[in-house]
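Here is the structure we will look at, set down as structure tokens.
The values are calculated or read from the model by the stated rules, or taken from the named source; none is laboratory data. Given the structure is predicted, the values throughout are model-derived calculations rather than measurements. Glycine also receives a Cβ, built like all others from the backbone with ideal geometry; neighbour counts cover every protein chain displayed. Quick note on the areas: whole protein, heavy atoms, side chains included, nothing else; ligands and nucleic acids left out. Shrake-Rupley method; radii C 1.70, N 1.55, O 1.52, S 1.80 Å.
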Amino acid sequence: MRKLLILALVGLAAQLVDGALGMAYGLTSSTLLLFVGVAPAAASASVHLAEIGTTLAAGVAHWRFGNVDWRVVTRIALPGAVGAFVGATFLSSISTESAAPWMAGILFTLGAYLLVRFSRPLRQRSGAGRLRGRFLGPLGLVAGFVDATGGGGWGPVATPALLVSGRLEPRKVIGSVDTAEFVVAGAASIGFLIGLGSEGFLLPTVAALLIGGLIAAPVAAWLVRIVPAQLLGATIGGVIVLTNARILLNAGDAGSTVRPLVYVLLAVGWVVALTFAVRALRRTRRARAIVDAATAVDAPAVAAQSADTPASAVAAAAVAGPASAGTDPAGADDRLAVVER
């Protein structure tokens, strides 16, 4: 019972992270399951089965908050489903001994990517036009395959690629990726069901992760607007890197003298990444504050100019009107004086 409660809390925390970053539910959950000794295929299968419920709830919540671009969802979800099905079939067909380093290596790489990605501001391009299907299709295919074989990876692959394009605002990138993941998780679960059978799913684990995720999904859709992604992404990336490093070191039979050195180097890298993340967050907030202050200073002048425009127009009409009608210029001067007062 205690283990299931812990898994439910993990599902809750993972969904909060996923809803705020558009990634890392599968990474966080799969990393924990591998850490406690669950077979790689069973871990990925259980996480994806739980994701069917959590991504459905997240998609509905994001839709209600206006965070979904349905054109992007339809063009990335179907190729993602194909990639996830193929990836699930591949992972189901290899042995546990071979799958553990493979899956840990993917998770380690994605965790390192999160550290690098969130230690600096994301530079978006000011692209014009809509995202094309020839870009979204291959992106979904690759992200779906990595997601199924690594137990996570849909968000870390798809979300940054859409953000960097600059053609979709960040909240809609996150909402669209989370919504499309419902189809991807379903396709991966079907692939695992065919490859492993129903016994490949750890149903108590699935239920615990699902309950925690369902509780967090609506809160995460709201938090996406206020949570500082810089710190959250760098923190989660460090946890994923350190945890999967242990599995990789075990698989490589690293000696007792090598392990402490590796952990120290990774910990130092994590601290450095967090430091850069804090600095990037502060720079971003300072720049935003300067822009807001400049806007606040210019607003009264703009409003005053807008308010003066009708009076100037009336004054011009008062002068031009009589002249065009051939009336006395003195009368025009009197009317202009009245308008000016």
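Observations on the structure shown:
- Residue match in the range 188-208 (condition: in a helix (DSSP H, G or I) and under 20 Å from the mean Cα position of the chain (by Cα)): no
- Residue ID - nearest to Leu4 (Cα to Cα), chosen from residues in the range 31-49 that are among the hydroxyl-bearing types (Ser, Thr, Tyr) and at pLDDT 80 or above: Ser46
- Any chance Val82 is surrounded by fewer than 23 Cβ atoms within 10 Å (Cβ to Cβ) and either under 21 Å from Val146 (Cβ atoms) or in contact (Cβ under 8 Å) with a residue 60 or more places away in the chain (or both): yes
- Residue selected from the range 231-278 under the condition in contact with a Lys or Arg (Cβ under 9 Å, 6 or more places away or on another chain) and open to solvent by 40 Å² or more (accessible area, probe 1.4 Å), by the criterion nearest to Val17 (Cα to Cα): Phe276
- When the test is whether a residue is of a type outside the set (Lys, Arg), at pLDDT 75 or above and under 17 Å from Val241 (Cα atoms), Thr28 passes it.
- The residues in the range 107-144 that are surrounded by fewer than 24 Cβ atoms within 10 Å (Cβ to Cβ), at pLDDT 80 or above and either closer than 19 Å to Val184 by Cβ or not basic (Lys, Arg) (or both) can be counted, and the count is 12.
- In the range 199-211, residue least open to solvent (accessible area, probe 1.4 Å) [restricted to those that are of a type in the set (Gly, Ala, Ser) and at pLDDT 80 or above]: Ala208
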